[in-house]
Structures are given as C-alpha cells and as structure tokens.
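Since the structure comes first, as structure tokens, the remarks are kept for the end.
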Amino acid sequence: MSVKCDVSTLDCANISHSVTLVPRLKYSINLLDDIVKILKKKRHNLKKSNRFLVDDFDETDNSHLRAIELERILAFSLEILFQIKKRTGRISGVSSIPEVLPTTIPLIRTVSAQLFDIIPNCSQKLSELSVHLGSIVLDSAVLTKARFDFSQSNEESSSLLDKVKLIVDSKISKQYPNLDFFKAYNT
C-alpha cells in the first residue's frame, strides 16, 4: 500500500518555499516508506512464526501472550503509519500542510513509544520523522499564516488511534479465532 505525494506540484509562492519545504517533505515521505518496509517485514516474519498459535494457543503460557501482543503492536503500528501515508497523500500545496499534518505528529510519537523496546531503530527513525514533520508544519504555518487548534488535533489523533485499535483488535481476533482475545489482555 503506497500512497504517493507529488511534492513537485506543491504551490510555492516563492523560491524559499520550495527550497525549505519540498526537500524536507520528500525526505520525510521516504523515511516513512522505509519505516513501513521494515515493519511490514517484521510483521510478516512474526505472523509466520506465530502460525502454530492458531491451533495451539495456551492462554496460561506467557510466551504465547507476548507473541500475540507483539503481533498486535506491529499491526497497530503499521495501520497507523498507513493512515499517516494517506494523510501525506492529501497534501496539495503549502497551504494544505497545516490542515493535513498536525494530527500525524502525536500518532507518530505514539507508535515510536510503542516500538521503543521492540524495534529501537524504527522508534528512532519515527522520532526523527516527528521532528521533520513538526518543523514542516510550523514553517508552512508561518508561510501561510495558519493557526493551530491543538485540542482539535489531539481529538482527531485520539479518535484515529481508537479506530485503528478496533480495526487491529478485530483482525487479530479473526486471525486467532481460538483466542479469547479480550480475556487474554484483561487478566
């Protein structure tokens, strides 16, 4: 699933816009793509190694619970990053950046925190991505004289996180039908 953002079509009023924003946006999109590739590979390998759990899951075995939880975290992280890729694909000009990207930064930080102990290099790359996108948002806001409603951005981020959690929990439940998913995580 690859969402393309044609940064060459960004409406730039002067050379400073393209010089400062376009290369950083391209770099950020490439960094996001690299992170997604790494996580997709890790998730694929984990899914393969967890196949036995479809039939042999033991909810009293902590290693089984950890394996499912790790797969859920990777699935959640990937789904969030896919949502971010969709958002970056909606960038149509400098003026759209302050409308599209502010919600992505808390999402990226959430995923980075979840991956900190699991895949430190991805967590570090996500932190870098957060910094780059944050600077792009601020610079584009200065150029377009945009204003931010941080509470609205936080609400949108929280809502998207909840939606993605439900999607991922549903996918994991379907993947492991013999697992009483909610019971396993609430004990």
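The values are calculated or read from the model by the stated rules, or taken from the named source; none is laboratory data. Keep in mind the model is a prediction, meaning the values are calculated, not measured. Positions of Cβ are generated from backbone atoms using ideal geometry, with glycine treated the same way; all protein chains shown enter the neighbour counts. Surface areas here come from the heavy atoms of the whole protein model, side chains and all, with no ligands, DNA or RNA. Shrake-Rupley method; radii C 1.70, N 1.55, O 1.52, S 1.80 Å.
Quick notes
- Residue in segment 97-107 that is open to solvent by 40 Å² or more (accessible area, probe 1.4 Å) and out of contact with any helix residue (DSSP H, G or I) (no Cβ under 9 Å at 6 or more places or on another chain) present: yes
Residue by residue, here is whether (1) in a helix (DSSP H, G or I); (2) modelled with pLDDT of 95 or more; (3) within 19 Å of residue 142 (Cβ to Cβ) holds:
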| residue | (1), (2), (3) |
| --- | --- |
| 74 | yes, yes, no |
| 78 | yes, yes, no |
| 85 | yes, yes, no |
| 90 | no, no, no |
| 97 | yes, no, yes |
| 102 | no, no, yes |
| 109 | yes, yes, no |
| 113 | yes, yes, no |
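- Checked against (1) touching a residue at least 40 places away in the same chain (Cβ under 8 Å); (2) among the aliphatic types (A, V, I, L, M); (3) closer than 15 Å to residue 22 by Cα, residue 101 meets all criteria but (1).
- Residue check, residue 138 at pLDDT 95 or above and either part of a helix (DSSP H, G or I) or surrounded by 19 or more Cβ atoms within 10 Å (Cβ to Cβ) (or both): no
- Residues of segment 60-72 that are assigned to a helix (DSSP H, G or I) and free of Cβ contacts under 8 Å to residues at least 12 places away in the same chain: 62, 63, 64, 66.
- Comparison of 149, 58 shows that the only residue that is among the acidic types (Asp, Glu), out of contact with any Cys (no Cβ under 8 Å at 6 or more places or on another chain), farther than 17 Å from residue 35 by Cα and open to solvent by 70 Å² or more (accessible area, probe 1.4 Å) is 149.
- Residue list for segment 61-86, restricted to those being under 20 Å from the mean Cα position of the chain (by Cα) and open to solvent by 40 Å² or more (accessible area, probe 1.4 Å): 69, 70, 86
- Test: residue in segment 164-185 that is surrounded by 15 or more Cβ atoms within 10 Å (Cβ to Cβ) and over 21 Å from residue 46 (Cα atoms): no
- Qualifying residue in segment 148-165 (condition: over 18 Å from residue 81 (Cα atoms) and either within 14 Å of the chain's Cα centre (by Cα) or assigned to a loop (DSSP other than H, G, I, E, B) (or both)): yes
- For segment 114-122, the condition holds for no residue, the condition being that it is buried (at least 19 other Cβ atoms within 10 Å of the Cβ) and farther than 23 Å from residue 168 by Cα.
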